[in-house]
Structure formats: structure tokens, C-alpha cells
């Protein structure tokens with residue numbers, strides 16, 4: 001079991017959030033949703049994407065960024081932001097087992113205040129001319145690398 005967590009900053013699309021919750025349930029990751037979300041957290045699309053996995057995930061909802069940051073400060077966890085503005089490829093970053101992997105809004109990413117709060121910033125290298133990878137796919141890729149580096153599944 002890992003203490004790695006995925007945090008979603010004001011997610012816009014319920015299907016992506018549901019997919020990430022399903023991923024987290026299957027891999028034993030916790031999830032933090034930093035509100036306000038662009039949808040009702042009980043949305044049927046979120047439930048459809050998450051299927052029956054939603055009860056198996058450790059989900060914490062934070063009413064806003066400030067409350068999330070207060071919680072994170074108390075927990076002493078490092079924040080690692082996935083960003084198209086980052087310079088370090090995610091496969092070259094040294095992840096720790098208690099990191100929080102932060103993903104921004106599908107429509108707008110994160111504001112500078114949030115970007116500046118991250119102790120680490122990683123990018124998924126892409127082909128020139130492409131804007132971004134779906135947030136759920138990005139979460140799977142980066143969480144997979146973080147788990148690989150931190151010994152997930154090893155006895």
C-alpha cells in the first residue's frame with residue numbers, strides 16, 4: 001500500500017474525475033478534490049465512469065485551495081504539479097511515496113498561486129504542436145511512474 005495521493009484542482013469534467021477515482025481505487029491511492037468542482041460530485045457521469053469502484057477509494061473533498069493547503073502543510077507532504085509549463089519530464093523526476101500529484105482543471109490548468117505552491121513541477125513530453133493529454137490519462141501515466149519509482153507491488 002502506498003501513501004501517494006492524487007489531487008484534482010477544481011475539476012471540470014465528471015467523467016475524468018470518475019476515471020481517476022477508479023484508477024486510484026485499483027492502485028490504492030488516495031484522492032483529494034479541491035473544490036469548487038465544475039459539477040455536482042454526485043453527478044451521474046462521475047458515477048458511471050467510476051462504476052462500483054467509488055466506495056473503494058479514499059476520497060477527501062476540500063472546500064477550497066486554502067483549506068487544502070492548510071491540510072497539506074499539517075501533513076508535511078510534497079506537492080508535485082503536472083503542468084504544460086514545467087521543464088522536468090515526469091520520468092526524470094524523483095518521486096517520493098508520500099507525494100501528492102496535483103492535476104489542474106481541464107479548461108484552465110491552475111492559477112499562478114497554485115503553480116508557485118508546488119515543490120515539484122513535471123511535464124509529459126509530447127509531439128510538437130499538441131496542446132495537452134487528457135487529465136485522466138496524465139494522472140495514470142504520472143501515478144504509474146511514481147509508483148514504479150517508489151516500489152509499488154514489491155514485497
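Identify, please: which residue in segment 54-80 is surrounded by fewer than 16 Cβ atoms within 10 Å (Cβ to Cβ) and part of a strand (DSSP E or B) and is, among those, modelled with the lowest pLDDT? Looking at residues that are surrounded by fewer than 16 Cβ atoms within 10 Å (Cβ to Cβ) and part of a strand (DSSP E or B), I get 58.
Confirm whether residue 84 is in contact with a strand residue (DSSP E or B) (Cβ under 9 Å, 6 or more places away or on another chain), closer than 25 Å to residue 152 by Cα and in contact (Cβ under 8 Å) with a residue 12 or more places away in the chain.
Working: in contact with a strand residue (DSSP E or B) (Cβ under 9 Å, 6 or more places away or on another chain): yes; closer than 25 Å to residue 152 by Cα: no; in contact (Cβ under 8 Å) with a residue 12 or more places away in the chain: yes.
Against the criterion (in contact with a strand residue (DSSP E or B) (Cβ under 9 Å, 6 or more places away or on another chain), closer than 25 Å to residue 152 by Cα and in contact (Cβ under 8 Å) with a residue 12 or more places away in the chain), residue 84 does not qualify.
Report whether or not residue 23 is modelled with pLDDT of 90 or more, within 21 Å of residue 150 (Cβ to Cβ) and touching a helix residue (DSSP H, G or I) at 6+ places or on another chain (Cβ under 6 Å). The answer is yes for residue 23.
Give the number of residues within segment 109-150 that are in contact (Cβ under 8 Å) with a residue 12 or more places away in the chain and either part of a loop (DSSP other than H, G, I, E, B) or within 13 Å of residue 82 (Cα to Cα) (or both). Number of matching residues: 27. For segment 107-133, a residue qualifies if it is surrounded by fewer than 19 Cβ atoms within 10 Å (Cβ to Cβ), within 23 Å of residue 18 (Cβ to Cβ) and at pLDDT 95 or above, and exactly one does: 124.
The values are calculated or read from the model by the stated rules, or taken from the named source; none is laboratory data. No experiment lies behind these values; they were computed from the predicted model shown. Neighbour counts are summed over all protein chains in view; Cβ atoms, including those assigned to glycine, are modelled from backbone coordinates with ideal geometry.
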